[in-house]
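Single-structure report; data block below.
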C-alpha cells in the first residue's frame, strides 16, 4: 500500500480482534443499560454475581477468589468491594481460617440486588446473542476455550 498500512486482512471485518472489539462493546452497552435500571455498574454486578456463585453452597469466599473468578484485577476489586460494602450490599467479615484474609458475604440487600439484576442480565444476554441462533452452544464453547487460555484461569 502506498500509505504504508499493511494488514493480512482485506477488510477490518475479517479481523477476529476487531470483531471481538465491536461485539464486546455492543454487549457491554446493552448490559450497562440493563443494570442502570437496578443501580449497578457492570463491574459491581459481576463481583456480586461472582460472590453469589462462589458462595452458593455456603462456602467462605475471599476477595482474591472473587477477583480471580471475575477476571478483575485485585486493586479494582478492592475499590469496588469497598463501595459495595458502603452501600450495604456485602460485608467483609474476618476469614474464619486465615487471620490475614477477609471473607466476603452478600448481605440481604446484596442478595436481593443480585436476584433482581440476574434475570435482567440473562434476558439482555438472550436478546443480544439471539442472532447466533443454533450456533450459540458452539460460540459459548469457543469463548470458554479462549477464557481458559488466559493467564489466571
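Nothing in this text is a laboratory measurement; each read-out follows from the coordinates by a stated rule. Just so it is clear, the model here is predicted, and its values are computed rather than measured. Heads up, the Cβs are rebuilt from the backbone with ideal geometry, glycines too, and the neighbour counts pull from every protein chain shown.
In this calculation the C-beta distance from residue 148 to residue 82 is compared with R0 = 30 Å, giving a FRET efficiency of 0.50.
Does segment 84-152 come out rounded, prolate or oblate, given a ≥ b ≥ c as the square roots of the eigenvalues of its C-alpha gyration tensor, rounded meaning a/c under 1.5 and, failing that, prolate meaning a/b above b/c?
Because a/c hits 1.5 or more and a/b fails to exceed b/c, segment 84-152 counts as oblate.
Projected label points at residue 91 and residue 18, each 7 Å from Cα along the beta carbon direction, are separated by 5.3 nanometres.
What separates the Cα centres of segment 123-153 and segment 73-113 is a distance of 28 Å.
Set against the labelled values (1) 9, 32, 32, 17, 7, 3, 0; (2) 11, 35, 31, 16, 5, 2, 1; (3) 12, 42, 37, 9, 1, P(r) over Cα pairs in 10 Å bins from 0, in percent computed from this structure falls on (1).
Computed from Cα atoms, the angle from the helix 42-54 axis to the main principal axis of the chain rounds to 60 degrees.
Full extension of the chain between residue 73 and residue 109 yields a length gain of 10.5 nm, computed as 0.36 nm times the residue separation minus the alpha carbon distance. Exposure proxy ranking for 50, 86, based on other Cβ atoms within 10 angstrom of each Cβ and starting from the fewest, stands as 86, 50. Cα gyration tensor of segment 66-117, axes a ≥ b ≥ c as square roots of the eigenvalues: rounded (a/c below 1.5), prolate (a/b > b/c) or oblate? Verdict is oblate for segment 66-117.
Any chance you could check the Cα centroid distance between segment 1-38 and segment 47-61 for me, in angstrom? Between the Cα centre of segment 1-38 and that of segment 47-61, the gap is 32 Å. Seen against the Cα atoms of the chain and their longest principal axis, helix 74-86 is set at about 50 degrees.
Report note on the peptides 91-98, 57-64: ranked by the mean count of other C-beta atoms within 10 Å, highest first, their order is 57-64, 91-98. The label-point distance for residue 41 and residue 28, in a model that sets each label 7 Å from Cα toward Cβ, rounds to 1.2 nm.
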